[in-house]
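The values are calculated or read from the model by the stated rules, or taken from the named source; none is laboratory data. Keep in mind that what you see is a predicted model, and the values were worked out from it rather than measured. We place every Cβ from the backbone using ideal geometry, glycine too, and count neighbours over all the protein chains shown.
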Amino acid sequence: MKKKINGVIFSLIILCFGFCGSISAEVIDRIVAIVNNDIVTLAQLSKETEPYIKNMESSGYSDEKKKESLKQINNKILMALIDRSLTQQEAQKYQINVSDIEVDNALENVKKARSLSQEEFENALNKEGLTLKEYRENVQKQILQSRLINHAVKSKVIITESDIKNYYDVNAEKYSGKKKVSLKKYPYGQ
């Protein structure tokens with residue numbers, strides 16, 4: 001009896017694997033880089049390279065030149081994505097944030113500088129292959145990166161009173177306030 005039950009179970013398992021074999025697996029996304037606890041996916045890389053690829057296809061390059069350019073573009077954009085991930089991690093570490101109001105102000109400044117209405121601005125973004133949401137995210141990331149750099153520089157640059165005094169003592173001539181007068185002799189009506 002035990003042999004019969006084992007045979008039935010084995011047959012069911014084989015039957016199940018037979019049906020499962022017809023189901024195909026498809027890779028949806030791949031990891032192209034791991035940055036500490038974050039990942040950069042192939043989908044992210046493809047999305048970032050898409051505008052460059054469109055420009056390259058319309059440029060008329062040879063196939064070999066396109067392959068070489070695509071490789072360079074992928075490498076540069078991958079490095080940019082890694083930098084962006086590191087920037088976001090550091091910003092979280094130092095609790096540096098960018099508010100929606102700050103992003104709105106930056107967008108308004110861009111529109112004013114280029115004398116664009118909201119509709120013209122969105123049309124220009126569409127021509128570049130960007131949506132307003134994507135552009136807002138890019139601006140937010142740029143502001144965040146700028147703040148992080150400022151934070152890093154300010155934390156490293158410490159000027160003490162003694163530094164100021166030493167600089168002044170070395171450069172006292174520049175700041176002495178003494179008036180310099182030079183006399184020249186001009187002959188009068190000879």
Segment 130-163, residues that are part of a loop (DSSP other than H, G, I, E, B) and surrounded by 13 or more Cβ atoms within 10 Å (Cβ to Cβ)
Leu130
Give just the number: which of (1) over 30 Å from Leu148 (Cβ atoms); (2) at pLDDT below 90; (3) part of a loop (DSSP other than H, G, I, E, B) does Ile14 not satisfy?
(3)
